[in-house]
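The values are calculated or read from the model by the stated rules, or taken from the named source; none is laboratory data. Remember, it's a predicted structure, so these values are computed and weren't measured experimentally. For neighbour counting, all protein chains shown are included, and Cβ atoms are generated from backbone atoms with ideal geometry for every residue, glycine included. The protein model used for the area step is the full one, side chains on, heavy atoms only, and it has no ligands, DNA or RNA in it. Shrake-Rupley method; radii C 1.70, N 1.55, O 1.52, S 1.80 Å.
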Amino acid sequence: MTIRPDPAKIVVPRRHGEILIEPPLPELEAALAHAAPSPLLTETRRTARAHLLAAATRWSRTIGADAPPADALDRPFILTGHQLEFYHPGVWAKVIIADELAQRTGAAAFDLLVDHDTVDHLGFDVPVQSPEGDWSKRPVEFAPPSSLPADSLHAPSVGQFEQWDSALAQYPTTHTDAMAFWLTALKPQSAMGNATSAISYVSWLSRARRQYEASLNIQVHHVPTSLLCTGPLWQHFVQAWITNASAWTAAYNRHLADYRREHRLKNPNRPMPDLATQTTGDTTAIELPFWIYRLGHARERLTLHITGGTAKILRDGAALDPEFVLRDSSLVIRPRALTLTLFARLLFADLFIHGIGGALYDQITDRLLNELFHSVPPYACVSAAWLLPLGQPTDPEDLPALAHRRHHLEHNPQLAIDAFTARKADVAQLLADRQALISQIAASLAAARRNRAEKLRRRALFKQLHATNADLHTRAPNVLGNLDHQLTTARRAAAQNGILEHREFFLGLHTTASLEKLSRLLRG
């Protein structure tokens, strides 16, 4: 049974209550019941899954959560994952479906915390209403964004947290029971009277979310990628890319190009840039789909330099032996987006649950998996639109149509002149002058292409025409003014709807009752 989303059905849910589960839940349940990885990978997968299980168990102790079941190795594995941020209900929907499928099939469900990615916002946006009734988004952050990956960040200090907590309290939309739960769970331990050293941002956020999920009986076990992408199996995976750098990079770029062509994407960075390859003299530089960095430092793209058959990794101006890099505990190599899901699907997951973006780019992963490993494990796409109750969106007039009407009327003032006004002598003369100018411009068009003097004359005629149009508009001043008012109103309504219908507000801004309703809807 081939289980993967139909690309034609991957549409971002927009209206409140719209959900996307593709393929549908019954098909995903059936796929898990018959999960059978490639026989060539069975032993490797069992070793890999034991590693994942050990990482999840270790992490559960770190955050004080329930460990995976003792017999998890004998169960199907469901994986999902996302960057470490205060994400919205549409992202969280993946976790709910992972839990639902685990309950239906007896599978073990895991949530990969992508802690080698950078974090755009150390906090989240809050919807704010002005005294005039206008809505806007206001970022409330405990610290400025950092160029460091999440695994190098610290949780807020006691002082930072208290300032952040006070800032959030100023906004009525943060006064929900879910937010109260989250803020209690996020409160630094030392602020509650216990001495503590600085904890990591990753464990701080994971612990709070895991507590909230446990309160809703969701049993999806967290696993940071920093624990998953380490050890002998990970080193072997990276080494395989180094050994096959030329061929695998070419395959990566070829499938990416095919995807762009099929989807008519002109931007070379969508859905991700090619891996760069450059030859200078007898050295070929090949970019591999990994990050390399030291903890506490910014990430760099991993580039291999091959000279005379010898491969070196360029790092801090030095050419390093790849085996040395893999053994160096102060350096870490982490996967980029496509490589992460390739690694996770190939070695760990009986089903991987993506959001919208991942489900689209994994069409590329499918082809790469098939070419390199002759195995294409299943995946699904889950998302939802679950909006805050900020008010009903308006139905503004069609902005492009209004703008077109305004532009057309500006250059055709005769359409704004009523029959009575048109009979006035001065207006009739202006209308006649306008028509004469248009005729003269049309007559001069062919000549203007060959004659510079005629080009200058034509420009003068156009200037006269614009002046005449402006004069005519003074005879019916309210027509353009009314259209301008309609455009302003429509633009304001569209901007307001952008807030009222924004689906990416943090899930803690919802009430727990609302999130439970979303959970019931997703579970069917």
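For this structure, a couple of remarks:
- Summed over the stretch 472-509, the residues that are under 30 Å from V427 (Cβ atoms) and open to solvent by less than 20 Å² (accessible area, probe 1.4 Å) give a count of 4.
Residue-wise test of (1) touching a Pro at 6+ places or on another chain (Cβ under 9 Å); (2) at negative phi; (3) in a helix (DSSP H, G or I).
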{"site": "G357", "(1), (2), (3)": "yes, yes, yes"}
{"site": "L360", "(1), (2), (3)": "yes, yes, yes"}
{"site": "L369", "(1), (2), (3)": "yes, yes, yes"}
{"site": "S383", "(1), (2), (3)": "yes, yes, no"}
{"site": "L409", "(1), (2), (3)": "no, yes, yes"}
{"site": "L415", "(1), (2), (3)": "no, yes, yes"}
{"site": "A432", "(1), (2), (3)": "no, yes, yes"}
{"site": "Q440", "(1), (2), (3)": "no, yes, yes"}
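- Taking every residue in the stretch 12-35 that is under 11 Å from I97 (Cα atoms) and in a helix (DSSP H, G or I) and pairing it with any residue that is of a type outside the set (S, T, Y) and open to solvent by less than 30 Å² (accessible area, probe 1.4 Å), at least 6 positions away or on another chain, the pairs with Cβ-Cβ distances below 7 Å are L28/I3; L28/L101; L28/L351; L28/A380; E29/L101.
- Residue among N244, N217 that is on the phi > 0 side of the Ramachandran plot, open to solvent by 50 Å² or more (accessible area, probe 1.4 Å) and either touching a Lys or Arg at 6+ places or on another chain (Cβ under 9 Å) or at pLDDT 95 or above (or both): N217
- The stretch 247-272, subset closer than 20 Å to A359 by Cβ and part of a loop (DSSP other than H, G, I, E, B), residue most open to solvent (accessible area, probe 1.4 Å): R264
- Of all residues in the stretch 426-471 being acidic (D, E) and modelled with pLDDT under 80, the one that is least open to solvent (accessible area, probe 1.4 Å): E454
- Taking the stretch 97-158 as the region of interest, the strands (runs of 3 or more DSSP E) fully inside it that hold 3 or more residues being modelled with pLDDT of 95 or more and within 30 Å of T230 (Cα to Cα) are 108-114.
- Candidate set: the stretch 53-98, residues that are among the acidic types (D, E) and either under 30 Å from E501 (Cα atoms) or free of Cβ contacts under 8 Å to residues at least 40 places away in the same chain (or both); chosen: the one surrounded by the most Cβ atoms within 10 Å (Cβ to Cβ): E85
- Scanning the stretch 510-524 for residues being open to solvent by 60 Å² or more (accessible area, probe 1.4 Å), in contact (Cβ under 8 Å) with a residue 40 or more places away in the chain and charged (D, E, K, R) gives a total of 1.
- Verdict on T42 being among the polar types (S, T, N, Q) and in contact with a Lys or Arg (Cβ under 6 Å, 6 or more places away or on another chain): no
- Test for A178: is it of a type in the set (G, A, S), touching a strand residue (DSSP E or B) at 6+ places or on another chain (Cβ under 7 Å) and in contact (Cβ under 8 Å) with a residue 60 or more places away in the chain: no
Residue by residue, here is whether (1) among the acidic types (D, E); (2) more than 29 Å from Q211 (Cα to Cα) holds:
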{"site": "A8", "(1), (2)": "no, yes"}
{"site": "E22", "(1), (2)": "yes, no"}
{"site": "E29", "(1), (2)": "yes, no"}
{"site": "H34", "(1), (2)": "no, yes"}
{"site": "E43", "(1), (2)": "yes, yes"}
{"site": "L52", "(1), (2)": "no, no"}
{"site": "R58", "(1), (2)": "no, no"}
{"site": "A67", "(1), (2)": "no, no"}
{"site": "T80", "(1), (2)": "no, no"}
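- Figure legend. Inter-residue proximity from the stretch 221-245: first residues within 14 Å of F343 (Cα to Cα) and touching a residue at least 60 places away in the same chain (Cβ under 8 Å), second residues outside any strand (DSSP E or B) and of a type in the set (K, R), beta-carbon distance below 9 Å, spacing 6+ or different chains. Indicated pairs: L227/R58; Q235/R327.
- Members of the stretch 99-137 that are of a type in the set (D, E) and in contact (Cβ under 8 Å) with a residue 24 or more places away in the chain: D99, E100, D111, D115, D117, D120, D125, D134
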